[in-house]
Amino acid sequence: MSAYKFDTQRLRAGYEPAQHNQAVSPPIYATASYDLRDVAHAASLFGIREVGNLYTRVGNPTVNVLEERVAALDGAAGAIALASGMAAITYTLLNIAEGGGRILTSPYLYGGSADSFKKLYPKFGIAFDYAKHILEPAKLAEEIRPDTKAIFVESISNPNTYLLDTDAIAKVAHAHGIPLIVDNTVATPYLYRPFEHGSDVIVYSATKGLNGHGNLIGGLVLESGKFEWSRLPQFNEKYYTLRTLDGEKRSFLERLPDFPFTGRIRFNYLNYFGAALSPFDAYLAIIGIETLSERLAKQSHNAETLANYLVSHPQVEWVRYPTLINDKSHVLYKRDFPNGAGGILSFGFKGTDDEREKFLNAVELIHYHVNIGDARTLIINSPQTTHGELEPGEKLVADIPENLIRISAGLEDPADLIDDLEQAFEAARA
Ligand SMILES: *Cc1c(COP(=O)(O)O)cnc(C)c1O
């Protein structure tokens, strides 16, 4: 299967009809548990000598199809699906920094990430440093401290579409023996494949572009198979549950050498913290991914059309979208994003707060709501909603001006979207 190209893999990877009663579409395995064939089979599963179906919290055949499919699209050595993007981020960061340490991160982050980094992780001994030089990776080394455990960034940032040079950031991370984690939610593997740019772990919210229909919450963690996890003591810790038949304790590196990172998340964090993805939602995600390429291509096209319309509009102060020649990410877009820049764009509304409110209340076709990556076009005033938890100084660092309006372009005819924006601008003037 791995010989097939991207567009074939997104339809076929990780699933063989012959193993599922010849069903062409992956079945939903709605079962909490699985019959154990006999006592020896049970012993083998509980001893994790065999990674098989035991209990849906730690694995399910429908969920496995999703994991293998996304792993194929990103060229991952291992993958695990979880109940949300936030669970994917949390388990990843705990798996690396459990016991305490620091994470060097980008200021350009999803609101939920930024807020949890500030409010929750410090209570678990994990502190975050917001890199001043994330756009100039040559200087990033200065910001790595002795107890920095990883670098965490978003490949395309939400809401202001900063693109990052993850090749250069990965080099800095590796020179210091630490992994680079990339949240690739906005890009999806259709637009950007972080393992080809040196990253070690990818996290996704499958809620957004991967699934693309705004009808589930889900997440994934992927590992490249290249990072030397023996650098972190927890990967060398020996567990009784991973013992050999002779009763010798083993570490995750010894037991699951091909995918120790996601394996450790599965058998420790997913097993005991329990954010399992439901098989039904895994099924929806699998169906969504069948049209990933077409959706992301059209959304990128629609976003570019909207950016070009907005850039010359008298009620628009500025537009951020990487295809625009003056955009701060245009050079990286040209270098690293041959398939497009994705569906997210933002603009600064020119006018009073009152006029901005009128504008948002006047959109009719475009949905006013907080999701992204949906098949429908969505609009939101991020600084007051999705990023409303950021304090004024934090918004400054994150470069989210108060008049920013974010659009997540969907699959409609762009002429209808422009008509809708135009009548909303008119309403704001009235
Ligand atoms: C939405 C989002 C998340 C969180 O994902 P959920 O599935 O909503 O938990 C994480 N990162 C980015 C970039 C997101 O857009």
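Numerical summary
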{"read-out": "First in region 114-136 and closer than 17 Å to K395 by Cα, second anywhere and aliphatic (A, V, I, L, M) and assigned to a strand (DSSP E or B), Cβ under 7 Å, 6 or more apart", "value": "F128/I103; D129/L104; A131/L104; I134/V153"}
{"read-out": "Listing of helices (runs of 4 or more DSSP H) fully contained in region 35-102 that carry 1 or more residues being more than 27 Å from P189 (Cβ to Cβ)", "value": "39-46"}
{"read-out": "Counted residues, region 68-84 - those being open to solvent by 10 Å² or more (accessible area, probe 1.4 Å) and either touching a residue at least 60 places away in the same chain (Cβ under 8 Å) or within 11 Å of the ligand (Cβ to nearest atom) (or both)", "value": "8"}
{"read-out": "Members of region 191-206 found to be near the ligand (Cβ under 10 Å from one of its atoms) and open to solvent by 10 Å² or more (accessible area, probe 1.4 Å), listed by number", "value": "S205"}
{"read-out": "Answer from S278, S251 - the residue that is of a type in the set (G, A, S), without any contact (Cβ under 8 Å) to a residue 40 or more places away in the chain, buried (at least 16 other Cβ atoms within 10 Å of the Cβ) and assigned by TED's automatic domain parsing to the domain that holds D165", "value": "S251"}
{"read-out": "Region 174-190: number of residues that are farther than 17 Å from F261 by Cα and either in contact with a strand residue (DSSP E or B) (Cβ under 6 Å, 6 or more places away or on another chain) or within 13 Å of the ligand (Cβ to nearest atom) (or both)", "value": "5"}
{"read-out": "Which numbered condition K298 fails, given (1) touching a residue at least 24 places away in the same chain (Cβ under 8 Å); (2) assigned by TED's automatic domain parsing to the domain that holds E50; (3) in a helix (DSSP H, G or I); (4) surrounded by fewer than 22 Cβ atoms within 10 Å (Cβ to Cβ)", "value": "(2)"}
{"read-out": "Number of positions in region 143-199 that are part of a helix (DSSP H, G or I) and either touching a residue at least 60 places away in the same chain (Cβ under 8 Å) or of a type in the set (D, E) (or both)", "value": "10"}
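The values are calculated or read from the model by the stated rules, or taken from the named source; none is laboratory data. What you see is a predicted model; the values in this text were computed from it and never measured. Cβ coordinates were reconstructed from backbone atoms using ideal geometry, including for glycine residues, and neighbour counts include every protein chain displayed. Protein only, heavy atoms only, side chains kept; ligands, DNA and RNA dropped before computing areas. Shrake-Rupley method; radii C 1.70, N 1.55, O 1.52, S 1.80 Å.
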